1. Just the residues that are surrounded by fewer than 22 Cβ atoms within 10 Å (Cβ to Cβ) and assigned to a loop (DSSP other than H, G, I, E, B), please, taken from region 506-527.
2. May I ask you to verify whether residue 60 is under 19 Å from residue 147 (Cβ atoms), part of a helix (DSSP H, G or I) and touching a residue at least 60 places away in the same chain (Cβ under 8 Å)?
3. Do we find that residue 355 is among the hydrophobic types (A, V, I, L, M, F, W, C) and over 23 Å from residue 82 (Cα atoms) in this structure?
4. (1) part of a loop (DSSP other than H, G, I, E, B); (2) of a type in the set (Gly, Ala, Ser); (3) buried (at least 24 other Cβ atoms within 10 Å of the Cβ): which one isn't true of residue 337, the others all being true?
5. Pull up region 99-132, narrow it to residues that are open to solvent by less than 40 Å² (accessible area, probe 1.4 Å) and closer than 14 Å to residue 74 by Cα, then point me to the one that is farthest from the ligand (Cβ to nearest atom).
6. Test each condition in (1) more than 14 Å from the ligand (Cβ to nearest atom); (2) surrounded by 16 or more Cβ atoms within 10 Å (Cβ to Cβ); (3) under 27 Å from residue 85 (Cα atoms) for residue 146 and report the one that comes out false.
7. List pairs: first residue in region 391-407 and closer than 17 Å to residue 67 by Cβ and hydroxyl-bearing (Ser, Thr, Tyr), second residue modelled with pLDDT under 95 and in a helix (DSSP H, G or I) anywhere in the structure, Cβ distance under 6 angstrom, at least six positions apart or on different chains.
8. Looking only at region 446-484, which residues are more than 30 Å from residue 295 (Cβ to Cβ) and either open to solvent by 10 Å² or more (accessible area, probe 1.4 Å) or at pLDDT 95 or above (or both)?
Amino acid sequence: MSVFIPRYLVPFHPKNVPHWFTDVLVIGGGLAGLRAANAVDPRQSVLVVTKEQLELSNSSWAQGGIAGVIDPEDRFENHIADTLSAGGGLCDEAVVEMVVREAPRRIQELISWGTAFDSKAGELTLGREGGHSHNRIVHALGDATGREIMRAVIERSRHQGNLRIWERCFTLDLLTHEGACRGALVHDARHGLLLVWAKQTILATGGAGQIFRETTNPAVATGDGHALAFRAGGALRDMEFMQFHPTVLYIAGSSRSLITEAIRGEGAWLVDRHGYRFMPEYHPRAELAPRDVVSQAIVSQMEKTRHACVYLDLSHLDAQFVRQRFPGIAASCAQFGLDITKDRIPVRPGAHYIIGGVAVDLEGRTSVPGLWAAGEVTSSGLHGANRLASNSLLEGLVYGAHAGEGASRAASRMPDRYQPLPLDNPIATQPPEPLDLADIRNSLKSIMWREVGVRREANGLAEAAAQLETWWRYVLVRQFADPDGWELQNLLTLSRIMVASALLREESRGTHLRTDFPAIDDQHWKRHLSFGRSANGELEQVGE
Ligand SMILES: Cc1cc2nc3c(=O)[nH]c(=O)nc-3n(C[C@H](O)[C@H](O)[C@H](O)COP(=O)(O)OP(=O)(O)OC[C@H]3O[C@@H](n4cnc5c(N)ncnc54)[C@H](O)[C@@H]3O)c2cc1C
């Protein structure tokens with residue numbers, strides 16, 4: 001753990017870079033970021049930066065939907081109980097209660113912004129997913145919920161007069177002065193480096209699935225926000241908890257697309273290579289057991305049958321219904337000659353959702369003054385040790401709204417000032433020695449998948465830690481000139497923290513399965529683990 005972590009990734013000086021001033025800076029234009037931007041008082045200026053085009057985010061890729069108590073037969077208490085049960089004893093009950101009770105209002109808000117959720121005879125159609133005791137998932141375009149929600153939210157955002165959006169603008173680091181966040185250092189291909197000074201900053205950079213070889217996440221999910229908050233003095237909490245989606249399409253040459261949990265909610269079975277339906281052996285809720293249980297069961301069954309995948313079987317369901325309800329999946333499988341109404345779909349687990357992140361309070365405030373956060377980059381306490389399906393878009397909406405309102409209130413109390421602060425990063429630039437970044441990235445993803453994936457144990461984790469430390473020594477100290485290098489530095493930072501947390505937690509809980517400590521151990525481990533950057537730039541465990 002004695003490797004120096006630089007505070008800023010690149011050298012800069014205020015005399016050499018252009019400046020921009022805004023009331024509120026939102027880093028990330030997924031659902032959480034745009035919801036936050038829309039919560040800012042229209043009299044204040046908001047700048048949203050996204051590292052790719054706005055349409056490319058985990059939010060746009062969401063399939064299943066958003067959970068909320070809408071059916072009169074359902075109760076808030078049920079949704080709360082299901083969330084707590086999935087969370088394996090680490091949820092913050094006050095957070096769960098707040099988010100669940102706000103869900104119907106936030107869903108209604110999306111409808112009023114133009115989202116067309118699937119409905120029948122004027123009533124929202126409610127699906128069910130693993131871990132939910134009732135039908136409570138609103139969805140859109142069958143299995144393209146994220147695309148429809150983001151269409152409506154992006155359209156609304158583009159029409160807000162106070163809101164400016166910079167796409168393909170990479171945020172490298174948060175600017176901090178006297179312990180508070182003052183904006184960010186960003187880079188775009190046209191202008192190069194730029195200092196954005198903000199009265200308040202909201203981090204909404206999403207997930208980090210790209211740490212792993214097998215993932216459902218888009219290429220933008222490299223955990224940049226986690227890493228830059230960490231470098232700026234924020235602690236990262238619960239980083240050992242990575243949710244693996246049980247059913248990711250496994251066809252050589254195909255992209256690893258997710259096969260939504262809703263498909264099991266509608267009655268699909270999981271069968272092994274021999275056609276045996278194995279889930280009832282592993283959990284009383286069979287295919288609708290929480291995700292970690294299903295992922296772990298699939299890995300066990302793959303081992304038992306010595307086969308690289310298992311299969312989803314929908315052949316016993318009504319073919320017309322299946323095609324209508326899951327048009328996207330039917331189309332992706334058809335490209336490989338599979339008819340999902342008849343043929344079995346080959347699947348296996350893939351990294352899906354990072355539960356750990358920047359700790360926030362109920363308002364979305366982080367421990368760094370002037371910095372707020374919302375969405376997948378956070379550790380809000382909603383998910384505990386495992387996320388209940390369809391609770392994350394909801395979390396992004398709730399925390400986006402809170403962080404946006406809070407940041408807006410705080411910014412309104414601050415006077416305008418158009419002077420840069422005396423901040424610079426005087427590290428002398430070393431001539432960059434050529435490094436094969438793609439090679440390191442692929443090796444990183446492979447070792448993380450092999451040793452820090454669905455199953456973990458001490459020897460494998462220690463091997464991963466040693467390898468990561470070697471890479472840290474020569475990658476973290478270098479200065480790169482473009483996002484490929486910065487992303488690799490961020491991926492390495494997060495991986496190292498994930499491994500350190502996973503090694504420490506000597507028990508199995510939620511998504512964290514230690515084969516050498518298979519039982520849950522409330523006496524020692526019913527608590528959170530957090531890591532920060534020490535005053536002398538090293539990785540250190542910090543207290544709760
Ligand atoms: C395939 C798939 C299906 C899913 N299905 C569901 C579902 O059905 N229901 C559900 O609740 N959840 C689902 N999830 C999870 C959910 O989509 C995400 O947790 C949620 O959308 C995260 O939203 P976000 O706004 O926090 O981040 P994102 O939507 O990922 O947005 C992140 C934003 O940050 C920007 N960004 C990142 N790094 C930088 C940087 N360095 N500089 C500038 N900008 C940056 C990106 O460009 C992007 O705009 C799914 C996820 C995937 C991958």
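1. Hits for region 506-527 are 506, 507, 515, 516, 517, 518, 519, 520, 521, 526, 527.
2. Against the criterion (under 19 Å from residue 147 (Cβ atoms), part of a helix (DSSP H, G or I) and touching a residue at least 60 places away in the same chain (Cβ under 8 Å)), residue 60 qualifies.
3. Working: among the hydrophobic types (A, V, I, L, M, F, W, C): yes; over 23 Å from residue 82 (Cα atoms): no.
Judged against the criteria, residue 355 is not a match.
4. Every listed condition holds for residue 337 apart from (3).
5. 104
6. Only one criterion is unmet by residue 146, namely (1).
7. Listed by first residue and then by second, the contacts come to nothing, as the list is empty.
8. Result: 473, 474, 477, 478, 479, 480, 481, 482, 483, 484.
The values are calculated or read from the model by the stated rules, or taken from the named source; none is laboratory data. Keep in mind the model is a prediction, meaning the values are calculated, not measured. Glycine gets a Cβ as well: all are built from the backbone with ideal geometry, and neighbour counts include every protein chain shown. We work out accessible area using only protein heavy atoms, side chains counted, and drop any ligands, DNA or RNA first. Shrake-Rupley method; radii C 1.70, N 1.55, O 1.52, S 1.80 Å.
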